[in-house]
1. Would you mind telling me which numbered condition in (1) surrounded by 14 or more Cβ atoms within 10 Å (Cβ to Cβ); (2) away from every other protein chain (no Cβ under 14 Å); (3) part of a helix (DSSP H, G or I) A:Y252 fails?
2. Being buried (at least 24 other Cβ atoms within 10 Å of the Cβ), outside the structural domain of B:N753 (by TED's automatic domain parsing) and over 30 Å from B:A542 (Cα atoms) narrows it down to one residue among B:I184, B:I245; which is it?
3. Condition (residue is β-branched (V, I, T), closer than 30 Å to B:K465 by Cα and modelled with pLDDT of 80 or more) applied to segment B:60-78: is it met by at least one residue?
4. Looking only at strands (runs of 3 or more DSSP E) that fall completely inside segment B:430-549, which ones have 3 or more residues that are buried (at least 21 other Cβ atoms within 10 Å of the Cβ) and either touching a strand residue (DSSP E or B) at 6+ places or on another chain (Cβ under 6 Å) or at pLDDT below 90 (or both)?
5. Filter segment A:206-236 for residues that are loosely packed, with under 15 Cβ neighbours inside 10 Å and among the aliphatic types (A, V, I, L, M); which is farthest from A:Q120 (Cα to Cα)?
6. Which condition does B:V78 not pass, out of (1) in contact (Cβ under 8 Å) with a residue 12 or more places away in the chain; (2) surrounded by fewer than 19 Cβ atoms within 10 Å (Cβ to Cβ); (3) among the β-branched types (V, I, T); (4) touching a helix residue (DSSP H, G or I) at 6+ places or on another chain (Cβ under 6 Å), if it passes all the others?
7. Criterion first (under 18 Å from B:R646 (Cα atoms), in contact (Cβ under 8 Å) with a residue 40 or more places away in the chain and assigned to a strand (DSSP E or B)) does B:L567 satisfy it?
8. Among (1) within 27 Å of B:L722 (Cβ to Cβ); (2) in contact with a helix residue (DSSP H, G or I) (Cβ under 9 Å, 6 or more places away or on another chain); (3) outside any helix (DSSP H, G or I); (4) not aliphatic (A, V, I, L, M), there is one condition B:C971 misses while meeting the rest; what is its number?
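The values are calculated or read from the model by the stated rules, or taken from the named source; none is laboratory data. Treat the numbers as computed from the prediction; the structure is a model and nothing was measured. Cβ coordinates were reconstructed from backbone atoms using ideal geometry, including for glycine residues, and neighbour counts include every protein chain displayed.
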Amino acid sequence: MNVPKTQIVLTTLFVLTSTFSHSNNNMSSFYSESTFLALIILSIVLIAISVLLYGIKRHLTVLNNEKNKQVAEPSLYERKFRPIIEAWNPTIATLIIAGAVMLFLGAFGYKFGMEEVGVQQGYAPTQPINFSHKIHAGQYEMDCKYCHSTVEKSKSASIPSLNTCMNCHKYVKAAEKYNGKTSPEIQKIYNAIGFDGDNMEYIEGYDQKPIEWIRIHNLPDLAYFNHSQHVVVGKVECQTCHGPIEEMEKVYQYSNLQMGWCIDCHRERGIDSENNDYYEEAHKNMLAEGKDYITVAENGGLECSKCHY
Amino acid sequence: MSSNNYWKGLEELDQTQEFVSSNANEFSEGLPLEQVFSNEDSSRANRRDFLKYFGFGLGAVTLAACNKTPIKKAIPYVEKPDHVTPGVPLYYASSSISDYVGHPILVKVREGRPIKFEPNSDAKFFGCGLDGLAHSAILSLYDTTRIKGPIKQGKRKPIKWSEADKYIIDNLDKVAAKNKSIAIVTRNNTSLLLNQSITKFKAKYPNTSVIPYEAITSSGILRANEKSFGKAVIPTYHFDKAKLIVSFGADFLGTWLNAGKARSDYAQNRKPDGDMSRHYQFESLMTLSGANSDVRLPMRSNQTGLHLLKLYNILTKGSDSEGLELPGNHINKIAKELKDSRGKSVVLCGSNNIHDQIITNAINLELGNYDDIIDLENHYNGNSIDEKVFLEFVEDAKQEKYGAVIFVDSNPQYSFADFDNILNKIEFKVSNSIIDDETSRMCDIIAPNTHPLESWDIKQPYKGKYVFSQPTISPVFDGRNTSTSFAKWADENIDTKNKFSYDYEALKTLVSNEIGRDFNKLIEKGFFEKEALTASTPSFLANVNDSINNVKSRKKTSKELVLYQKLGVKDGSFANNPWAHEMPDPVTKVTWDNYLTVSKPDADELKLVDNNVALIEVKGQQIELPVIVQPGQVKGSFGIALGYGRKYAESVKNDMQNLGTNVYPLVGYANNTNSYVIDDEIKIISTGREYELARTQTHNSIEGRDIVREASLEEYRKDPKLRKVNKHHNLVTLWQEYDYSKGHHWAKVIDLNTCNGCSACVVSCSIENNVPIVGRDEVRRRREMHWLRIDRYYSFEALEDKDLKMSIVHGGDRSIKKGDQLSKEKVMETYSKEVGNFDYYQYVSTVHQPMMCQHCDNAPCETVCPVLATTHSSEGLNQMTYNRCIGTKYCANNCPYKVRRFNWFRYNENEKFDYHFSNDLGKMVINPDVTVRSRGVMEKCSMCVQKIQAAKLVAKREGRKLKTDEFTVACAQTCSSDSIVFGDLNDPNSKVSKLYKKYRAYHVIEELGTKPSIKYLTKIRNKKQTTNHS
């Protein structure tokens, strides 16, 4: 029985080391890789085998003892726990234990399902370029709409294309920080678009590649969200949903983006019915009813197919 | 006559055992509960097995759920084009793909991907709307069977364009050196760009001839016009000006000539409040035109000539002196009416026989219908192919006169019998096909064309009318426009590195020479119309007597086989398209297959019923096809649709690979033209086998409810309120009333009078709303997903018509009184008394009714949903929230209109449904604004809520009110006859609120108190000549 034991120990060690080495990896995601999953499955299988082998061994020992008429000493379980358990009413005991376990698991599952599954609040992946909103939006006070230029026209605010970056970074190289060399992060832009920073010219026939940013705010496909609706019509500030973006060195998901969060805002916020002719009729009705403002919800903002279609 | 008994099919009329039993059940298949719970068979699952599977399933699901959250990327442009705003669609004017001669359309493009075609509403002359095939043709861009780049046959090796050009030029030079001819086999080509390049090509290879080829021709009309008027052209018909339309077998609303324009023009004249036209249709098979006619009269197709002759005789000589024996006296009556509406009528003939067409021309000339209604001067350029040229080519090729052939979009290997023998006699064969079709597989090299959506073009569908195409997507594959290819082969020095530049420059020069306006403005508009030419009435040059003698000398056969085209597939050139196949045929409601249509008396005689497989023996060829017994079809006529039985690449594994039977080999040849009516010896027997056709028609029954309403124009004029038909109910409601008068209240009005059932809306809706294609087998299980269906109802209403009855019965007594319930028994009783063995099935009349979610204000579906997944909006919409739906199907059971569809599978990720939805290329057509539904949820018409929201948002952003009828929904937008009107009921100026108040408007099953937001307008048939005429 020595050989399997060694193997088990070795495998466990291997799994552990690989797990740790894995977690040290500078991954762009906080989630695992499939090899890791495979190793876990493998270790579970091995553990199952060792349990099985242990069971066989125990049975063999018992059989051996019976054959040799040796009376085994009662184990700790038989001495201490068994008498207590035997004193219980088995039905009630089972129900209580099962009930407690179910309740615990259920509560855990509910909480997990509501707050964890698909909710990525705080998600701050490492991006291909360490772009700092703190510098651009905070320090230099650039307007959000300079880069996210479609936010007033379209459902997506859109990530700027490289030529937008190049509007400034053709000249801005942050060279003072890097001993007169182009900053390595800005160099990434040049490498993608094909710009020779030293000679200040675009390289002809360069195989341009877009920057593959990692998407932070992921709404499920079943929800329709339109930036222009909120920014232009609703006059919502970017920071209301995206948080103190001008202070973020690395962008993270500020709001939880759950439906309850949407609904809460729709219940509270008023619409600007006074300055928008679209709401003329609604505004008149509001005045007739003697109200100060109409909330989004009163204007139908809680109806399902305003967002789900 | 709301008292009509409507029925959906013969089985409902006859109340067959099968129908009654299947109709008693809500679902087509019972649940296999008994099997599961029976203990008899121990091999079946028992409790322990259940626990095992349950446990395993739970474990498996848990494991499967442990999937890591995928990392999503957001990839911006490197350099964003100025005009592109991600998330906002762009519209480009272009030309329809399925309409090969050119038809203006708009292409909706999202982030560089064309996702939908929309009609170009400015191009009124070309006909409003698009048909179902035109919509579905967008899938041809995202077809996985497309040729990826030049391919050299043999080993099917992909090569570079430079190699391909060298190979082709070398071989063409060899052929030229041998003094053999080169043939360019085109289709009905109206592209000026291509013609220009071919001219260049001809300059280098003078021994080149252009051979136009179409699978289906109308050369009978061309030749007749040449003989009659000296112009071998297809005239432009102006149905909007015709007050009286008499068609002899011409399905002008379906597939005859330019049906798109016909549907649109015809509907303009079908408004009962104005001067409504009258339409007589003589025909053998039940066609779309017959279904929409005011009076439909039976006529075997091989008797078209005789009917025309009789009409001609009566018109010219006052009476039918020839003594032609045709049943009934309709023609006398029609002749009189035609005379009364001189110059405002049109007589059409669907036969491809030159003599029939010459007599038709003589009749129309006699009636003064040229040039106002039949315009020979501003003629149509489609259907203008004479097969003579191709047949000469075939003869020459047999004698090995041709050394090379280049196929341009044409595919004769599929539609021309024994073409491979001819191809084998030609040394060098090139194809420009963009898909792996029958002909290209036989060629030495494929130099693939670009898809029409990837190329520049100018087409001339009518004389003096131009349609432009522009690239709407950067090429998906490595194709090259054929006009560039020809230019390159003519002149090797042309730079083709940029595949657009040559075409673009050539087009610019062409346009400035031909039209001479601002190029960019023309491209933006998409079409250009030169001023129409005026012409005087032509003089008649032909000898009618020759034609009369020809008609009289024809042999009289009692059986005929009519080869027709179906609206969804047409000639089969775009048959590689699952959307087109899933669109139910407007008449038979069959999807996915072709079949033999048989009249009821013939079916009884041959002992055939629906879905029996019949063996058809014609001209020594045997074909097996399933049978449809078609009400309205004439005894002795049998019909089969062309365009089926295409053979695709082996990679196509779904229903597309196995699509009906190719009947092109049966096409006859008589009087130097193709003949689609075969009256040789036809033998039809039952094989005793069954093949279940996927038919949507009898899914759900109307159970005698008051759903369709129709009346005659006479009744309508007498009582515009149609009190006899439109019964309104005063109902007490249990629901709490909601005030919809604030804000918007979206609604639709559907005019049953102009709806011709063409089903374009069905396809348009599917594309707009990402409705999955389910395939033949699922349709058989009643699981089609179409949010909008078109119900087709038959009735014996026509038999109630006094004149018709008199003409059938020859003076029998009038035992059918007005308002009698015209049940089958009543008709049988009456007519058998009067005319003995009478085929009343020939005299059915048809109503088409588009049916979608009615968005009831008191919706029965909403009250039964246990999870509130379907709710009502303040704007009157019945909302369906997929992510809340748990799939109990209570709502579908409680919906009186049966418009809810249950999504059974994940069609977008399921290999079994290998249509466009499940591959990466095909997914490009998905509308990003609409959820792709997963399995297990209910779905239904949302009244295109995404379009409503988008239009509202634009108005809000601009700080203005919504303009009246500023936007419309997908079905209404594509309707060529403007039958579906969408709008805001709370806007007093909107079209819909005006139509809503019409007397003809009614709610379907109003008595239930559901208060639908959709109203229908009663169908009005103009059956009788009104008193002021006679």
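1. (3) is the only condition that A:Y252 fails.
2. Every option except B:I184 fails the conditions.
3. Checked segment B:60-78: no residue is β-branched (V, I, T), closer than 30 Å to B:K465 by Cα and modelled with pLDDT of 80 or more.
4. It comes to B:457-462, B:465-469.
5. Checked segment A:206-236; the qualifying residue farthest from A:Q120 (Cα to Cα) is A:A223.
6. Unmet for B:V78, out of (1) in contact (Cβ under 8 Å) with a residue 12 or more places away in the chain; (2) surrounded by fewer than 19 Cβ atoms within 10 Å (Cβ to Cβ); (3) among the β-branched types (V, I, T); (4) touching a helix residue (DSSP H, G or I) at 6+ places or on another chain (Cβ under 6 Å): (1).
7. no
8. (3) is the only condition that B:C971 fails.
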